[in-house]
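Structure first, then comments.
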Amino acid sequence: MSQPILRIALPSPLRALFDYWAPVGTPISSLLAGVRVRVPFGRRELVGLLIEVVSQSEVPTERLRPALALLDDSPLLPAPVFRLARWTAQYYQHSLGDTLAVMLPNLLTQGEPAQFKPRWLWQVEPNLSLDDPRVQRAPRQREALRVLAQHPQGVAEELLPRLQLSREALNSLRNKGLVRITACNDLPEPKTHQGSWLLEAQLALNSEQRNAYEAVKSRFGHFQCFLLAGVTGSGKTEVYLHLVHQMLLAGKQSLILIPEINLSPQTLARFQQRFNARIVVLHSGLTDRARLDAWLEARSGNADIVIGTRSALFTPLLNPGLIIVDEEHDTSYKQQESLRYQARDLAVVRAHMEQIPVVLGSATPSLESLHNAHTGRYALLKLEQRAGHAALPDFWRLDVKNLVLDAGISGPLQQAIRQTLAAGQQVLVFLNRRGYAPTLLCHHCGWFSLCPHCDARMTLHQQTGRLHCHHCDYHEPLPTQCPQCQQQDLRPIGAGTERAEQRLGSLFPQYPVLRVDRDSTRRKDSLDQILQRINEGKPCILVGTQMLAKGHHFPHVTLVAILDADGGLFSADFRAAEHMAQQITQVAGRAGRAGHKGQVIIQSHLADHPLLVQLTEQGYFAFADQALAERQAACLPPFSHMVLIRAEARQPQQAEDFLEQIRTLAEDMQQLDSALTSVELLGPIPALMERKAGWHRAQLLVQAQTRGALHRLLDQWIPNVALLPEAKRIRWILDVDPLEV
Ligand code: ADP
Ligand code: ZN
Ligand code: ZN
């Protein structure tokens, strides 16, 4: 056979594989698909994954370069995960090499060995007598030698203190040639499971929970997607815990995705409290080394339970048995840069490839998942009762037309807050806008605080004394006079959490006001401290953004106030109403979890809006039915499928011109292939925010009734777009199933 050629996926935006000669002198048997290869690339070196070995290349042989080294003895990823990578790259029209780079721990893409952090092991030299004359007159060394000799496999460096072994004594022994140190790459904490998997008794499931649990259990070992739609506090987590226990008994691993570790500490804590099992946690706060070790533990099968955020979906597992996606509606499952994947959707794809069940859980499922349940693709499991004794709260739509709003707070709401506090209970005020005020306005000439780099207003932050653009992060000191007319009549317009906090503080000076948003929790532990104060149970007011809507239990909160529900009803974004309803329901679900019934007050100028009426009188699922009917009538997702192409250029018009050009390319393809004519091309139009961070932005929306037609077009079109010379001069992104259009 001729000399083998390696076809390699490299971290590069180019949607192509790259050919190299095999490294000089490598035996053919070690050229396994899926091992990493180090190669020269331009003047750099890159690490890629071997996809296949071929005998011929389109590159002229004299231009082929030899690869430098193979980095693995066996394929890095198990077959299903590798297939998932290929599927993901294809579906999101992303280069396979870049997709793999997103999926793998950084250290592996940098070429580090796929091994645990090397650790030092202390061992006695073989055939040693404990009465060696060299320790006769050193009792501490003799004792150390005796203890160490009881561990013929060696003692890891970090365990020395636990065995009361002194490093000093060991060093002396080593100098005398009685003891040695070796490096080892074994598991840091090999599994030594004994006895029960449970650290605490399981709760007995109620009948709704039991039905859900049995339904999933009956599909163990097969693919099935379940949508566990359970009202807040209905005991979804308890169902997960029971299922995971079954996995442990069966020797299978569970993969659990949660939206954000910091915002859902309880979920993690409940798994740790419940199980005597090896749990690894994967999230963006880990060091590269810790991430690789956790990844290796999952791959080796040593980890019984893997809990993590979005990217943990790609963790290889030796014995996968179950995937759970908690709070499946949460938008943090969608990555909003580079590879714009939706981890919830990929979890379903992965479960299919692994032939295991997947459970998507939420009190407020996404309309996509509900639609899949209605059409029978997902099995719907409902929990309609709250577990334990808590009742669901009462809703009250408060029409604020013609009412004075003082920092966003109406008179009747003030009254309700006063009564709640006086009754010794807590109040939660929800306002999804941080900062003091969204705009600063000159009352004299009408100037207002526009960002110099975006088509957006800058938010006034009183705490830092600055105007801050939330879109590009530009900020500047607060002006003391109007930059346009020099008058000193600048006024904050509208209210953010800082302002609501300040006003509530002066209205109710005898009660603490605790603010929870990205600004107030920037310091490590500050969220924990706030949560601790809330849990003390004394009457107080919580003011915060959607951070308050996630996963917490506030047993003493009995009044929840939504300051402004109008944004979700007015917005140009077709998903705004869905997100508003999810937020209201989730925030409301924090209330009245203990003995007292909760009350939810929603301030709105559109208090009679049909969606708001449905939501508050009949609940989220009635709202969702109505919203789905509207989507169907308008042919919007999930009744159609979208791809957004956004271009950005320094000069106005350039982005539009580029999109116009690629639109023509697509139309030419549609002329030739009648299967593509059902795909609609909308635009180019300026993006909702035309200028952002100094870039002029335009977009082209591609929409179709069927995924088949849409992807058939993309598969032919996008590779050609990428080849255009303009495609290299302009910034452009492609977003399949975009969250925001
Ligand atoms: P969800 O995940 O749906 O919000 P949780 O699983 O957190 O609900 O349950 C809400 C509360 O009800 C928790 O305090 C939990 O301990 C309790 N709970 C759940 N299931 C049961 C049960 N079967 N019996 C008694 N209490 C339960
Ligand atoms: Zn002015
Ligand atoms: Zn800006």
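Tabulated values for the structure
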read-out: Subset of segment 405-447 [in contact with a strand residue (DSSP E or B) (Cβ under 7 Å, 6 or more places away or on another chain) and on the phi > 0 side of the Ramachandran plot]; value: Gly435
read-out: Single residue of Leu286, Leu248 found to be without any contact (Cβ under 8 Å) to a residue 24 or more places away in the chain and farther than 19 Å from Val325 by Cβ; value: Leu286
read-out: Segment 672-729: number of residues that are assigned to a strand (DSSP E or B), over 30 Å from Ala456 (Cβ atoms) and either within 16 Å of ligand 1 (Cβ to nearest atom) or open to solvent by 30 Å² or more (accessible area, probe 1.4 Å) (or both); value: 0
read-out: Filtered residues of segment 159-178 (kept if in a helix (DSSP H, G or I), touching a Lys or Arg at 6+ places or on another chain (Cβ under 7 Å) and of a type in the set (A, V, I, L, M)); value: Ala169
read-out: Ala101 being in contact with a Leu (Cβ under 7 Å, 6 or more places away or on another chain), assigned to a helix (DSSP H, G or I) and among the aliphatic types (A, V, I, L, M); value: no
read-out: Spans of strands (runs of 3 or more DSSP E) in segment 445-537 with at least 1 residues in contact (Cβ under 8 Å) with a residue 40 or more places away in the chain and touching a Pro at 6+ places or on another chain (Cβ under 9 Å); value: 490-493
read-out: Subset of segment 1-39 that is in a strand (DSSP E or B) and open to solvent by 20 Å² or more (accessible area, probe 1.4 Å) - its residue that is farthest from Gly97 (Cα to Cα); value: Trp21
read-out: Every residue from segment 582-628 that is of a type in the set (Asp, Glu) and touching a Phe, Trp or Tyr at 6+ places or on another chain (Cβ under 9 Å); value: Glu617
read-out: Any hit, segment 102-124, residues being touching a residue at least 24 places away in the same chain (Cβ under 8 Å) and closer than 27 Å to Arg712 by Cβ; value: yes
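Okay, residues lined up against (1) within 30 Å of Gln599 (Cβ to Cβ); (2) in a strand (DSSP E or B); (3) within 26 Å of the chain's Cα centre (by Cα):
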| site | (1), (2), (3) |
| --- | --- |
| Ala351 | no, no, yes |
| Pro365 | yes, no, yes |
| Asn372 | no, no, yes |
| Phe395 | yes, yes, no |
| Leu413 | yes, no, no |
| Thr420 | yes, no, no |
| Gly435 | yes, no, yes |
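The values are calculated or read from the model by the stated rules, or taken from the named source; none is laboratory data. Treat the numbers as computed from the prediction; the structure is a model and nothing was measured. Methodologically, a virtual Cβ is constructed for each residue, glycine included, from the backbone with ideal geometry; neighbour enumeration extends over all protein chains shown. Accessible surface areas use protein heavy atoms only, side chains included; no ligands, DNA or RNA. Shrake-Rupley method; radii C 1.70, N 1.55, O 1.52, S 1.80 Å.
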